[in-house]
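Undergrad: Here it is: the structure, laid out below.
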Ligand code: ATP
């Protein structure tokens, strides 16, 4: 598979963020001044858009999130070139808090909840980045519990005792407490059963449609991400190699073969392997 240059995408119409939304141009990131993790990445999330970034392990997806949220320094990484703007304002060097204040919140990979704190306490942490009154916090909490009634009845239980799906709802709820204009979800589906993943994506889509919240999902689960987003980018070894509308990416041979387990040679080889395994096991 070619990773040397960006392929002509399934659609050439890139969503133009203009001065609205998130715009990343020519982003280069290095770790420890040695490992180049992003090589000239450009992508956009228009205000209120729903965009997915797909890619296998090591493609650079988490690095992209760290660069947007200004958390590269925690990992000895830095932006070497390029720009990240939101609403026309540069986010680089703004500090992590400034990114949240600008309206960008993330649901981090692995959720990062406080397991010994209750659901309610974890959610309140999400409001701590804003200057808000107790009444604002209470209203936002009720909003989160309306979106996720499953966790409303368990608000006084320790978050660490919840199921994986419920914990992910708390993580999304905590991000909502900051009233984001753009929510970045890093591997929302990781380790969760397909039905839970479907419910979570549907709820996030609903927030996008009904409240105009922009969404950027970073996903290995290409199928569910493309089902819900409007536009997608595929990354490999630190570069965007394909981009296009989600509908056109779902039809793209390359994306089908490598990311959707589609109808190409990879699927044939996989099915042959399964057939041989079954024969060998007499099943
Ligand atoms: P995964 O899904 O496995 O998290 P990813 O697509 O998110 O993969 P990144 O974690 O962003 O990929 O990694 C991109 C590249 O940067 C990889 O080569 C990885 O080894 C390297 N990398 C990531 N974090 C660091 C770090 N703290 N120090 C050095 N190299 C790193």
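Laboratory data are not the source of any read-out in this text; all were calculated from the coordinates shown. The model shown is predicted, which means the values in this text are computed figures rather than measured ones. Note: ideal-geometry Cβ built from the backbone for every residue, glycine included; neighbour counts use all protein chains shown.
Undergrad: Rounded to the nearest 0.05, what FRET efficiency is calculated for residue 143 and residue 33 with R0 set to 51 Å and r the Cβ-Cβ distance?
TA: Working: r = 44 Å, r/R0 = 0.86.
Once rounded, the FRET efficiency stands at 0.70.
Undergrad: Could you work out the relative contact order of the stretch 22-280, using alpha carbon pairs under 8 angstrom and six or more residues apart, expressed as a whole percent?
TA: It rounds to 25 percent for the stretch 22-280.
Undergrad: A follow-up question, please. Running Debye on the stretch 26-169 with equal point scatterers at the Cα sites and no solvent, what base-10 log of I(q)/I(0) appears at q = 0.10, 0.15, 0.22 Å⁻¹?
TA: -0.44, -0.92, -1.34
Undergrad: Cα atoms only: what Rg and Dmax, in Å, come out for the stretch 22-280?
TA: 19.1, 66
Undergrad: For residue 136 paired with residue 25, estimate the spin-label separation in nm (one decimal), with each label point 7 Å from Cα along the Cα-to-Cβ line.
TA: In this crude spin-label approximation the distance works out to 3.3 nm.
Undergrad: So if R0 is 25 Å, what FRET efficiency would residue 101 and residue 75 give, r being the distance between their Cβ atoms, rounded to the nearest 0.05?
TA: Computed FRET efficiency for residue 101 and residue 75: 0.65.
Undergrad: For residue 154 and residue 114, what is the calculated FRET efficiency with R₀ set at 22 Å and r taken between the beta-carbons, to the nearest 0.05?
TA: With a Förster radius of 22 Å, E is 0.90.
Undergrad: Still on this model: Evaluate the Debye formula for the stretch 105-240 with equal point scatterers sitting on the alpha carbons, no solvent, and hand back log10 of I(q)/I(0) at q = 0.16, 0.17, 0.20 Å⁻¹, in q order, two decimals.
TA: Values, matching the q order: -0.79, -0.89, -1.21.
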